[in-house]
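Worksheet: the structure to be examined is printed underneath.
The values are calculated or read from the model by the stated rules, or taken from the named source; none is laboratory data. Remember, predicted model here, so these are calculated numbers, not experimental data. Cβ coordinates were reconstructed from backbone atoms using ideal geometry, including for glycine residues, and neighbour counts include every protein chain displayed. Keep in mind that these areas ignore ligands, DNA and RNA; they rest on the heavy atoms of the full protein, side chains included. Shrake-Rupley method; radii C 1.70, N 1.55, O 1.52, S 1.80 Å.
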Amino acid sequence: MNASSIVLQLLTGLASASALFLVASGLSLIFGVTRIVNFAHGSFYMLGLYGAVALTTVFTAGPLGFWAAVLLAALAVAALGAIVEMLVLRRLYGAPELYQLLATFALVLVVRDAALWAWGPEDLLGPKAPGMRDAIDVLGRPFPSYDVFSIFVGPAVLGALWLLLKRTRWGLLVRAATQDREMVGALGVNQRWLFTSVFALGTFLAALGGALQMPHEPANLNLDLALIGEVFVVVVVGGMGSIGGAFVAAIVIAMVKAFCIAAGTIDVFGAPFPLSKLTLVAEFLVMAVVLVWRPQGLFGRPQGTVRATAAIEPPLRPLDPRWRAAGFVALAALALVALLGTSAPYAVVLMIDVLIAVLFAASLHFLIGPSGMHSFGHAAYFGLGAYGAALFFRLGAPMEAALVLAPLVAALGAFVFGWFCVRLSGVYLAMLTLAFAQIVWSVVFQWDAVTGGSNGLVGIWPSAWLTPKPTYYLLVLACTIAGAGLLVRMLHAPIGVALRGSRDSPLRAAAIGIAVPRLQWIAFVVAGTVAGLAGALFAFAKGTISPETLAVGRSVDGLVMVLLGGVHAVSGPWVGAALFTWLQDTVARQTDYWRALLGIVMLALILVFPLGVAGGLKRLFVREEVA
Amino acid sequence: MLNRIALLVVGVLVGAAAHAQDTIKIGEINSYKAQPAFLDPYKKGWELAVEEVNAAGGVLGKKLQVVSRDDNGNPGDAVRVAEELVSRENVALICGTFLSNTGLAVTDFAKQKKVFFLAAEPLTDKITWQNGNRYTFRLRPNTYMQAAMLVPEAAKLKKKRWVVVYPNYEYGQSAAATFKAMLKKLQPDVEFLPDQATPLGRIEAGAVVQALADAKPDAIFNVLFGADLSKFVREGNTRKLFEGRDVVSLLTGEPEYIEPLKEEAPVGWIVTGYPYYGIQTDEHKKFFLAYFRKYNEYPKLGSVVGYSTIWSIAEGIKKAKSTDTEKLIAAFSGLQVTTPFGKVTYRALDHQSTMGAYLGKTKLEGQKGVMTDYVYIDGAKVLPSDDEVKKLRAID
């Protein structure tokens, strides 16, 4: 590499940082005010790009057509964002934290299928920008003129946002709401319109970011999730709610990637390793380092207090004996499913999947609910359990021993990562768990010799006596009852009380002598171990595992199950996991557009049961005694 | 009222039973939602084949019926729907899959459950070699064969400094490794500059193109496809990466990948692909016309694969005169099937079909990238020797 190539890589990095910043600033704005972790942000980006490509076929005449298409697409998507906020999200601000996340995830599913329906499966490559089709000369090398334009878009948007936030009354209200939204409401500001307008502006920025990518990439259906992870990282590294921080973070990440790509090959323990392979996780490595070093991101301030948007969870009480008896009868009845082995063999197969999902969801619920730690990377422990089981098995351990040892691998992972995670709170904790999960994923994905790389490992089947599905089902049922039962038992034990106390008031808990971080660390390891057991059971149920067992999709599935069931109900994971797994299985057979249908069913469920299904049912049937 | 419901239920059951007797059910598994660009034409292809087989009287006097399931792009779900197809739908055999990891998962499932499996799309060498088993056959030429078709052409270029760019997962890695090893054999003085391994679907095209240009290679071997390819080509054109450099590129001539590029399609690249616009054999003409008549659009490579999969199964069952798994395996070993690409044989040795691909150069025709000077490379010609395959393939 010489000087001119370094300069060109820097400029290229700046151009892609600019694009990233546009999208990230919208997400940061939305989070700052509404506290929504908006998974659908990437979908709005995708819609912006599709919309712009579609509109350029309408406005073909003149050089203005391109820009009109970009602007109109962004405005149309912003209007869509406003409608979504009004119809769906507005109804959920009263629900416990994270519930909006479930709604935005359902939106991702609906938007993707809607785009498939509207524009078909093929990638659509839009035109280049008029007047910026070619390259200019920089130090004797060609550099795309559109990239020059891109470099300036980021700072321009940053400046415009700064003016808007600092110099207008609307901006004043947004800043006030970011700090203390209840107080803003109490002062008589119409919060509804404030939230809707912020959401619309955030969506506009996402869609604009997408539309401006038209000269760089084709509109395709994988853009939404491909982008959302990277954008989350930018927002968190910069500090949630900090627009300037997002700008700096976007540049840092783009530069790190450019460096990995440009630097070539290095020697790792004597083996050549192309640094470009690191681009798979570069942003997550940066995030992990930043969060460990600065728990609130580079420019983040401690989050303003959110005074209970939803009623705080009432203390957990042992169930009425009659309900308990009913619960035990239901569990015993589950054993009878094994009898269906010959008459309805698939029911047994499906129930194995359901129970494994229940166990996984129960372990995640233990973290999210009673412990108050929102993990976005729980799949890591599920996957470590699954890979642990597979590796012990392939090393020659009997299947039974592998099943027992595997959760220990997950426990070890949770032990190490948990130590870092419990130092953080809120969304930062969530994102650090995600970062660790992505790092584990990328190691598994690339370590061919041990993990089989992207293909994964095959031939992991249970011992002969467990091979019949009904027998394996009984094993899974026993493990699920034992694992989930252990977690429930812990919740009612002193440690559970201390955990819930630490969640509701960390300061007071510390004051009465509870070592909050250590307690949370223990909870983290316990939850990780149980998730590892679920993963090990999964490996032997499928005979195959691949990196998707610990990919972000599975973490999200877990969140969806827990939220669907209800965070504040011990039975929540059972109901949520069963419902989600069954829905996925059934809906997929009904229509080609099963993702959209699944999303719509989920949206309907959220709107009917804003506390989750089990939470809602509990409220209907179980009378809470007010102490 | 109850009576009527009971009647209805009985009616449905009897109807289903009668239906089951004169059809052969085939289970099909694919990642329709995860990979729609390739699998939408694929589905159209197999639907056409089912229609043709049944119009010609079906097989063994029964109609073929395909029960299709989406595997959601992941192996866990693939194994579950495979269980469902086998245990609830009672399918005679399973086929399909696109991704290598789902393909391998179902391969292993087939071995465990002793079910016949015809892998249609997945490219990984392992399906028929390292992880091959007696229950699994595969239609499409694998990664090794695809790369091997290009190597002699690459060697003819007599370029010294090569650089390889590939999506960072098994398909990309193994294509790159095969290409390098084989080219080194033909041309010992070749030098490979540091690879560019890009995350699948998320290439930083600007930086990658810049780094490739800085390395000053004489020639480039590309394994990127889909949206990554579009970004790479556009950025490469703007930054003049391809000027004065030869590019050898895997799968780029497939309409799925070259057509979205429209008038920016690269010119002069040596590629493998499917020039549907020019293949004049009778088998292809027949397929092409039937496909165009039914859907009013041109076939893609996926269409050929879907179509040939169902015809292979129909021919296999005819030869076996049964849907019994063991008889199917015996029938498929050495089975000859006429596909739109001509006759292919499912080898008894490793259960790999000898389907090949077209090798040619890209050029622009109006607003569209097409292949020119193409020849069909028979898959049988690029497979390694039997001894090498025996060494690779695990003993069943």
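Structure notes:
- Close Cβ contacts (under 9 Å, 6 or more residues apart or on different chains) running from residues in region A:410-423 that are of a type in the set (Lys, Arg) to residues that are part of a helix (DSSP H, G or I) and surrounded by fewer than 21 Cβ atoms within 10 Å (Cβ to Cβ) comprise A:ARG423/A:VAL292; A:ARG423/A:PRO517.
- In region B:176-203, the qualifying residues are those that are among the small types (Gly, Ala, Ser) and either assigned to a loop (DSSP other than H, G, I, E, B) or more than 13 Å from chain A (Cβ to nearest Cβ) (or both), and the one that is nearest to B:VAL233 (Cα to Cα) is B:GLY201.
- Taken together, A:ALA106, A:ALA114 contain a single residue that is surrounded by fewer than 23 Cβ atoms within 10 Å (Cβ to Cβ) and at negative phi, which is A:ALA114.
- Residue list for region A:208-228, filter: more than 18 Å from the chain's Cα centre (by Cα) and not aliphatic (A, V, I, L, M): A:GLY209, A:GLY210, A:GLN213, A:PRO215, A:HIS216, A:GLU217, A:PRO218, A:ASN220
- Test: A:LEU298 is touching a Cys at 6+ places or on another chain (Cβ under 9 Å) and more than 13 Å from A:GLU230 (Cβ to Cβ): no
- Conditions (1) farther than 15 Å from A:THR34 by Cα; (2) in a helix (DSSP H, G or I); (3) open to solvent by 20 Å² or more (accessible area, probe 1.4 Å); (4) away from every other protein chain (no Cβ under 14 Å); number of the one not met by A:VAL236: (3)
- Within region A:27-72, considering residues that are among the hydroxyl-bearing types (Ser, Thr, Tyr) and over 29 Å from the mean Cα position of the chain (by Cα), the one farthest from A:LEU89 (Cα to Cα): A:THR60
- Qualifying position, being touching an Asp or Glu at 6+ places or on another chain (Cβ under 8 Å) and not polar (S, T, N, Q), among B:LEU301, B:LEU289: B:LEU301
- Apart from one condition, A:ALA254 fits all of (1) outside any helix (DSSP H, G or I); (2) within 9 Å of chain B (Cβ to nearest Cβ); (3) surrounded by 22 or more Cβ atoms within 10 Å (Cβ to Cβ); the exception is (1).
Per-residue answers, yes or no, for (1) β-branched (Val, Ile, Thr); (2) closer than 25 Å to B:GLN336 by Cβ; (3) more than 14 Å from chain A (Cβ to nearest Cβ):
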| residue | (1), (2), (3) |
| --- | --- |
| B:PRO141 | no, yes, yes |
| B:PRO152 | no, no, yes |
| B:TYR166 | no, no, no |
| B:GLU170 | no, no, no |
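- Count - residues of region B:90-103 that are within 9 Å of chain A (Cβ to nearest Cβ), at pLDDT 90 or above and open to solvent by 20 Å² or more (accessible area, probe 1.4 Å): 0
- Any helices (runs of 4 or more DSSP H) falling wholly within region A:499-578 and containing at least 2 residues that are touching a residue at least 12 places away in the same chain (Cβ under 8 Å) and either among the aliphatic types (A, V, I, L, M) or touching a Gly at 6+ places or on another chain (Cβ under 6 Å) (or both): A:516-542, A:552-565
- Considering residues of region A:1-59 that are open to solvent by 30 Å² or more (accessible area, probe 1.4 Å), at pLDDT below 90 and more than 19 Å from A:TYR146 (Cβ to Cβ) only, the residue nearest to the other protein chains (Cβ to nearest Cβ): A:MET1
- Residue within region B:263-282 that is under 23 Å from B:PRO152 (Cα atoms) and open to solvent by 70 Å² or more (accessible area, probe 1.4 Å) present: yes
- Checking B:ALA211, B:ALA148 one by one, the residue that is touching a residue at least 12 places away in the same chain (Cβ under 8 Å) and open to solvent by less than 10 Å² (accessible area, probe 1.4 Å) is B:ALA148 and no other.
- Output for region B:104-134, where each listed residue is open to solvent by 10 Å² or more (accessible area, probe 1.4 Å) and away from chain A (no Cβ under 13 Å): B:ARG134
- For region B:51-89, a residue qualifies if it is open to solvent by less than 20 Å² (accessible area, probe 1.4 Å), hydrophobic (A, V, I, L, M, F, W, C) and either more than 22 Å from B:PHE287 (Cα to Cα) or part of a helix (DSSP H, G or I) (or both), and the qualifying residues are B:VAL53, B:VAL67, B:ALA78, B:VAL79, B:VAL81, B:ALA82, B:LEU85.
- Selection status of B:GLY236, within 27 Å of B:ALA357 (Cα to Cα), open to solvent by less than 10 Å² (accessible area, probe 1.4 Å), touching a Phe, Trp or Tyr at 6+ places or on another chain (Cβ under 6 Å) and not aliphatic (A, V, I, L, M): yes
- Listed by first and then second residue, the pairs linking a residue in region B:285-302 that is among the charged types (D, E, K, R) to a residue that is part of a helix (DSSP H, G or I) and surrounded by 15 or more Cβ atoms within 10 Å (Cβ to Cβ), with Cβ atoms under 6 Å apart and 6 or more places separating them unless they lie on different chains, are B:LYS294/B:LEU48; B:LYS300/B:PRO41; B:LYS300/B:PRO255; B:LYS300/B:GLU256.
- Tally of residues being part of a helix (DSSP H, G or I) and either without any contact (Cβ under 8 Å) to a residue 60 or more places away in the chain or in contact with a helix residue (DSSP H, G or I) (Cβ under 7 Å, 6 or more places away or on another chain) (or both) across region B:375-391: 9
- Qualifying residue in region A:96-112 (condition: β-branched (Val, Ile, Thr) and in contact with a Phe, Trp or Tyr (Cβ under 6 Å, 6 or more places away or on another chain)): yes
- Selection from region A:585-603 of residues that are more than 14 Å from every other protein chain (Cβ to nearest Cβ) and crowded, with 22+ Cβ neighbours inside 10 Å: A:MET602
- Index of the failed condition, B:SER333 passing every other in (1) polar (S, T, N, Q); (2) touching a Gly at 6+ places or on another chain (Cβ under 8 Å); (3) open to solvent by 20 Å² or more (accessible area, probe 1.4 Å): (2)
- Top-ranked residue in region A:544-567 [being among the small types (Gly, Ala, Ser) and within 14 Å of chain B (Cβ to nearest Cβ); ranked as farthest from A:GLN100 (Cα to Cα)]: A:SER546
- Among residues of region A:77-103, those that are at pLDDT 90 or above and open to solvent by 60 Å² or more (accessible area, probe 1.4 Å), counted: 4
- Of all residues in region A:566-584 being open to solvent by less than 10 Å² (accessible area, probe 1.4 Å) and at pLDDT below 90, the one that is farthest from A:PHE445 (Cα to Cα): A:ALA569
- For region A:121-131, the set of residues classified as open to solvent by 20 Å² or more (accessible area, probe 1.4 Å) and out of contact with any strand residue (DSSP E or B) (no Cβ under 8 Å at 6 or more places or on another chain) consists of A:PRO121, A:GLU122, A:PRO127, A:LYS128, A:PRO130, A:GLY131, listed by residue number.
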